[in-house]
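What follows is one structure encoded as structure tokens, with my remarks underneath.
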Amino acid sequence: LTPTVTVLALYSTPFVTLFYGPSFSPAGLSLSVLAIGGWFLTFFYILTSILNGAGHVKQMMWFCFFGFLLNTLLSILTTISFGIIGAALSTTVTSVFLFFGVFFFVNKIFQPDGVLVIVGKTLVSLLVALTSWFLLRDLHLYFVLEALIVSFVFLVPIGLFGELRPSRWHLAR
């Protein structure tokens, strides 16, 4: 998910132009912002499902209600001034708050070993991938080729950290 979101966030304008034409290219920035929020929201939903299954339905209902209120309030405030970009920012900010709220709640309930370490490794890999993107963008390669390179560069540190070893493949099922 992380390489896909990174590529979509970095190359949102070419994607929008490719699929909808040049007249829609201004929507690239809002897609970029929403892609980042989508990453956080996806993991929020995964953690919410885990907590619902563990019997913490009422707490998850309150998280979702808080997210609804926060997103509504922020959207009203930012859309007036910033238009569609403001709405995208509101949704992304809400997604980030929800993710971290539920993430810390999961850590409090289950105290999983190494969750923060895995998140740290992912963030280091993301920084390496972003650095490669900054280096590649001046070469004016086709964005699909750049996207493949950035995705590969993201996976290299993850592999070096030992997260791609066969003994962990069962976790992806």
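Quick note: the coordinates plus some simple rules give every number you see, no bench work behind them. From a predicted model like this one, the values you see are computed outputs, not experimental measurements. Don't worry about glycine lacking a Cβ; one is built from the backbone with ideal geometry, like all the others, and counts go over all protein chains shown.
Results, tabulated for the structure shown:
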item: Three-way shape label, the stretch 1-110, alpha-carbon gyration tensor, a/c 1.5; result: oblate
item: Exposure proxy ranking, count of Cβ atoms within 10 Å, fewest first, for 109, 80, 149; result: 80, 109, 149
item: Distance (nanometres) between label positions extended 7 Å along Cα→Cβ at residue 23 and residue 52; result: 4.0 nm
